[in-house]
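J.: Pasting in a structure now, in structure tokens, and then I'll have a few things to ask.
The values are calculated or read from the model by the stated rules, or taken from the named source; none is laboratory data. Being a predicted model, the structure only gives us computed values, none of them experimental. Cβ: placed from backbone, ideal geometry, glycine included. Neighbour counts: every protein chain shown. The protein model used for the area step is the full one, side chains on, heavy atoms only, and it has no ligands, DNA or RNA in it. Shrake-Rupley method; radii C 1.70, N 1.55, O 1.52, S 1.80 Å.
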Amino acid sequence: MEAISTIGVLASIILTALVNRRVGRVAKDARSSRAQLENDHQADPALTSNLREDMDEKHRESMRAMRTITADIGGMRSDIRILHKADQATNKRLDEHLRKEH
């Protein structure tokens, strides 16, 4: 009976040690993840943010820039079409003028 009790105590000690080791590893991993995700390089240490918030803001900024660029490109394409039509009209008038001269 005493042997069973001793084995139970030893098993309990071993399981506790294994659980504590695992919990310690999880805590270490959590600290490592937090260090990677928290933005602690801001000028005001009271203002901390996390990676997701930073990435969301950067995404909004990028999308605003993309909309501006897309609109600018659309405007340039429109300008090119206008210039192309004007060039074609000039070429047509020049061709007609040259045909009349010869």
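J.: Work through the residues other than residue 63 whose Cβ is under 14 Å from its Cβ and net out their charges, Lys, Arg +1 and Asp, Glu -1. Could the numbers behind the result be given before it?
T.: Values: positive: 58, 60, 64, 67; negative: 56, 57, 61.
Taking every Cβ under 14 Å from that of residue 63, the sum is +1.
J.: Then there is this: By how many degrees, 0 to 90 and rounded to 10, does the Cα axis of helix 2-37 deviate from the longest principal axis of the chain?
T.: 20 degrees
J.: Select one label from (1) 13.4; (2) 14.5; (3) 21.7: the one whose number is Kirkwood radius over Cα pairs in Å as derived from the coordinates shown.
T.: Correct label is (3).
J.: Right, something else. Report the accessible area of residue 63, computed with a 1.4 Å probe over the heavy atoms of all protein chains in place, in Å² rounded to the nearest 10.
T.: 80 Å²
J.: Any idea what angle helix 51-101 forms with the longest principal axis of the chain, computed on alpha-carbon atoms, 0 to 90 degrees, nearest 10?
T.: For 51-101 against the chain, the angle is about 20 degrees.
J.: Then there's this: Just tell me which lysines come within less than 26 Å, Cα to Cα, of residue 92; anything on the same chain fewer than 8 places away is out.
T.: Within reach: 100.
J.: Net charge near residue 80, counting Lys/Arg +1 and Asp/Glu -1 over other residues with Cβ under 15 Å of its Cβ?
T.: On the way: positive: 77, 81, 85; negative: 72, 79, 87.
My count for the surroundings of residue 80 gives 0.
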